[in-house]
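The next block holds one structure in the form of structure tokens; read it before the comments.
Read-outs throughout are calculated quantities, based only on the coordinates presented, and are distinct from any laboratory measurement. As the structure is a prediction and not an experimental result, all values here were calculated from the model. Note: ideal-geometry Cβ built from the backbone for every residue, glycine included; neighbour counts use all protein chains shown.
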Amino acid sequence: PDEGDLAEMLVRLRDASVQADPSGGDAMWQTMAKSLVGREIGIISPTEMGAAGYRFACQINENANGFANPVEVPEMNHNEIVAWQSEGQSRAMIVLTCEGIHPRSQTRMQWMMDNVENQVSWRIECEGENLLERLLYATHVTDWVSIMLAALKANDPSEMAPIESLKAHLSTV
């Protein structure tokens, strides 16, 4: 993107940030975070959005001290799909999608949303004029979700005792 495109992109991302901010934005992200409390979270994304899905899982693991697992379509449809068909009362499914995704991947993700029985399923439509903006949008709004989830679970997102413990152990080896 050229400088003008970048400036416009930053304005759109800033607007998305204001909407996601729990102190006065759209309550949808808070509703999502509330629905994730106490659940294992599967984050499904097409290959194009895989980095955002992986980062979202890492943020939930670290900030909210919760279990989250990222997978990419179409690969997850070759094996993990079997596990998704088991009883899903303690799981939540989050699908990241956006414009420009291969139609077959869209079909696979829609099938998952329609056919996997979970009490909690969310689809995040990652907004943006290009893939870079969509990835940044996904990263930004999912960071808010992980922080809200941490707050709902009374976890301090800056507290990382297991990481510090591992680092201390490794420094002695």
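For the range 107-120, take each phi angle, set θ = phi - 60°, evaluate the Karplus expression 6.51 cos²θ - 1.76 cosθ + 1.60, and give the result in whole Hz per residue in order, putting x for glycine and proline.
These are the phi-based 3J(HN,Hα) values: 4, 4, 5, 5, 4, 4, 4, 7, 10, 9, 8, 10, 6, 10 Hz.
Take residue 164 and residue 131, extend 7 Å from each Cα along the Cα→Cβ direction, and tell me the distance between the two endpoints in nm.
Taking the simple label geometry, residue 164 and residue 131 are separated by 4.0 nm.
If pairing requires two Cys Cβ atoms under 4.7 Å apart, which cysteines of the chain are left without a partner?
Cysteines lacking a close Cβ partner in the chain: 58.
Using all C-alpha to C-alpha distances in the range 3-171, build P(r) with 5 Å bins and read off the rounded percent in each one.
1, 9, 17, 20, 19, 16, 10, 6, 2, 1
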